[in-house]
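Structure, as structure tokens:
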Amino acid sequence: VATLVNELSQTGLEALPDLQVRWLNEAPGREASWQLLNMSGDEAEELVYLWRGPAAYPELAQLAVLSYGVGSEPAVLLDQWLTTRTTQYPHPALEAAGDVTGDGLQDLVLLDQDELTLLLVTNHGGVWQLVSSPEACKGRLALLDTDGDRQLEIVREDCPSGPRVSFGWQDRALVVQE
């Protein structure tokens, strides 16, 4: 993450494609992807940066969220390894963005293609969190307002509890909605 901050400070967002190639060519190589989102409610977007290693190195999956405003130095808001002894997100991908928590801020859904699990990355209440879903599903994912309350739910298909399941935000957790 320090390299990312340093390169952003020196070169700006133009450094991202070169960093992507650099990390892929290291041994072991790590794929990198990124997205700009306003997850904090200020006028600047945050840079969400995701690394993942090859199948033999699941521990290389890492997520960083950096403040990145024009004319200001980037600052690390969140730096999290995604595979530990207790959690397994070895092959995550940036899947969808929208306001899942109902606070007016963008949230980001990471989907792990190997484990079929998802993580919601949110800055709800000014606290950066990674929130897991209550079950792993095999099918597609979409962000939809399924109950007409003007708040997005995470909709998954082919789940253990049914062919189509909605996960909604409730008390700092994702819950299956009836």
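Do we find that L4 is among the hydrophobic types (A, V, I, L, M, F, W, C), free of Cβ contacts under 8 Å to residues at least 60 places away in the same chain and either under 22 Å from G126 (Cα atoms) or out of contact with any Gly (no Cβ under 6 Å at 6 or more places or on another chain) (or both) in this structure?
no
In region 63-96, which residues are modelled with pLDDT under 90, surrounded by fewer than 17 Cβ atoms within 10 Å (Cβ to Cβ) and under 17 Å from T3 (Cβ atoms)?
Correct list: E73 only.
Hey, could you check region 42-62 for residues that are over 17 Å from T3 (Cβ atoms) and of a type outside the set (G, A, S) and say which is surrounded by the fewest Cβ atoms within 10 Å (Cβ to Cβ)?
E43
Quickly run through region 43-91 and pick out the residues that are without any contact (Cβ under 8 Å) to a residue 40 or more places away in the chain, polar (S, T, N, Q) and under 22 Å from E135 (Cβ atoms).
T83, T84, T86, Q88
Counting just the residues of region 132-170 that are of a type in the set (G, A, S) and in contact (Cβ under 8 Å) with a residue 12 or more places away in the chain, which one comes out surrounded by the fewest Cβ atoms within 10 Å (Cβ to Cβ)?
Only one residue tops the list, namely S161.
Condition check ((1) closer than 24 Å to D99 by Cα; (2) at pLDDT 95 or above; (3) in a helix (DSSP H, G or I)) across all residues:
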| residue | (1), (2), (3) |
| --- | --- |
| Q10 | no, no, yes |
| A27 | no, no, no |
| S40 | yes, no, no |
| E43 | yes, no, no |
| L50 | yes, yes, no |
| A55 | no, no, no |
| E59 | no, no, yes |
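Looking only at region 89-98, decide whether some residue is out of contact with any Leu (no Cβ under 6 Å at 6 or more places or on another chain) and of a type in the set (D, E).
no
Out of the residues in region 71-111 meeting the condition of being among the acidic types (D, E) and in a strand (DSSP E or B), tell me which one is nearest to C137 (Cα to Cα).
So the residue we want is E95.
Can you tell me how many residues within region 104-125 are free of Cβ contacts under 8 Å to residues at least 60 places away in the same chain and surrounded by fewer than 16 Cβ atoms within 10 Å (Cβ to Cβ)?
The total comes to 3.
Return yes or no: is D145 on the phi < 0 side of the Ramachandran plot and touching a Leu at 6+ places or on another chain (Cβ under 8 Å)?
yes
Mind checking which strands (runs of 3 or more DSSP E) fall wholly inside region 112-165 and carry at least 3 residues that are modelled with pLDDT under 95 and among the polar types (S, T, N, Q)?
Qualifying strands (runs of 3 or more DSSP E): none found.
The values are calculated or read from the model by the stated rules, or taken from the named source; none is laboratory data. Fair warning: this is a prediction, and the values are worked out from it, not measured in the lab. Counting neighbours? That spans all protein chains shown, and the Cβs are built from the backbone with ideal geometry, glycine included.
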